[in-house]
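Please treat every number below as a calculation from the coordinates, not as lab data. Worth saying up front: this structure is predicted, and the values here are computed from it rather than measured. All Cβ positions, even for glycine, are placed from backbone atoms using ideal geometry, and neighbour counts span all protein chains on display.
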Amino acid sequence: GAGVSQSPRYKVAKRGQDVALRCDPISGHVSLFWYQQALGQGPEFLTYFQNEAQLDKSGLPSDRFFAERPEGSVSTLKIQRTQQEDSAVYLCASSLGWQNTEAFFGQGTRLTVV
Amino acid sequence: DAKTTQPNSMESNEEEPVHLPCNHSTISGTDYIHWYRQLPSQGPEYVIHGLTSNVNNRMASLAIAEDRKSSTLILHRATLRDAAVYYCILRAGNAGGTSYGKLTFGQGTILTVHP
């Protein structure tokens with residue numbers, strides 16, 4: 001399909017395990033965002049890429065969270081030494097540009113840390 | 001980021017119009033008003049956005065108050081598929097700003113549609 005694709009859809013990790021979440025944005029989209037959504041809450045901003053440049057990582061909750069987009073297309077969000085409070089849905093969104101264009105969201109990856 | 005205030009929940013009957021209010025009294029002159037909705041187990045979906053004038057598209061209408069301190073999302077004929085959480089978001093439109101168009105979601109309004 002032509003939408004934003006995220007994988008895996010579901011991930012169960014043991015506490016302390018490292019995880020990697022993948023996002024395939026819409027082809028040609030310059031902007032890519034990662035959001036974290038806790039149960040019953042609205043999504044919260046984590047980080048932003050413009051092509052391969054990570055211009056804003058102010059929302060990353062700790063240095064255990066790391067994101068990359070090395071070729072300006074696919075992005076990976078990595079969480080090291082997962083903890084129970086990392087359990088959430090991780091959403092990726094892309095847009096053609098940053099200035100007031102529609103953001104397209106993937107279905108998210110539901111991470112459960114046990 | 002400028003803050004928005006929405007009712008926690010609203011209910012509607014199928015095929016009736018729905019008016020979802022949003023207050024944003026601290027909106028700046030360059031902020032656009034965006035609405036997204038999130039169906040169960042889905043990512044958010046863009047609905048509509050506007051700056052000053054009322055806007056219409058195939059999904060909904062957006063009515064913006066003259067002073068821009070409030071807006072209303074209008075679903076003209078609610079269907080069961082419209083049951084979702086609706087988010088009203090202010091998105092900075094100033095060039096050179098550091099927001100990069102990121103969306104600051106609040107709690108949103110849970111819309112229940114009764115058959």
Straight-line reach check, residue B:3, cutoff 16 Å on alpha carbons, 8 or more apart in-chain or any other chain, hits among lysines -> B:69, B:102
What is the distance, in nm, between label points placed 7 Å from the Cα along the Cα-to-Cβ direction at residue A:101 and at residue B:45?
-> 2.2 nm
For a footprinting-style exposure proxy, rank B:80, A:55, A:32 by other Cβ within 10 Å, fewest first.
-> B:80, A:55, A:32
Got a sec? How would B:49, B:19 order by Cβ neighbour count within 10 Å, fewest to most?
-> B:19, B:49
Out of A:12, A:74, A:89, any idea which swings most in a Gaussian network model of chain A, alpha carbons joined below 10 Å?
-> A:12
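At 1.306 mPa s and 10 °C, plugging the Kirkwood radius over alpha-carbon pairs of chain B into Stokes-Einstein gives what diffusion coefficient in µm²/s? It would help to have the intermediate numbers written out before the result.
On the way: Rh = 14.3 Å.
For these conditions, the coefficient is 111 µm²/s.
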Simple spin-label estimate for residue B:30/residue A:71, 7 Å along Cα→Cβ, in nm, reads 3.5 nm
Segment A:1-98: C-alpha gyration tensor shape, a/c 1.5 cut-off, then a/b vs b/c | prolate
If we restrict to alpha carbons, what Rg and Dmax does the protein assembly as shown come to, in Å?
-> 17.7, 53
Alpha carbon convex hull of segment A:40-93, volume per residue in cubic angstrom = 87 Å³
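Listing B:25, B:53 from the residue with the fewest other Cβ atoms within 10 Å to the one with the most, what is the order? Numbers along the way, then the final one.
Values: B:25 12, B:53 8.
Lowest count first: B:53, B:25.
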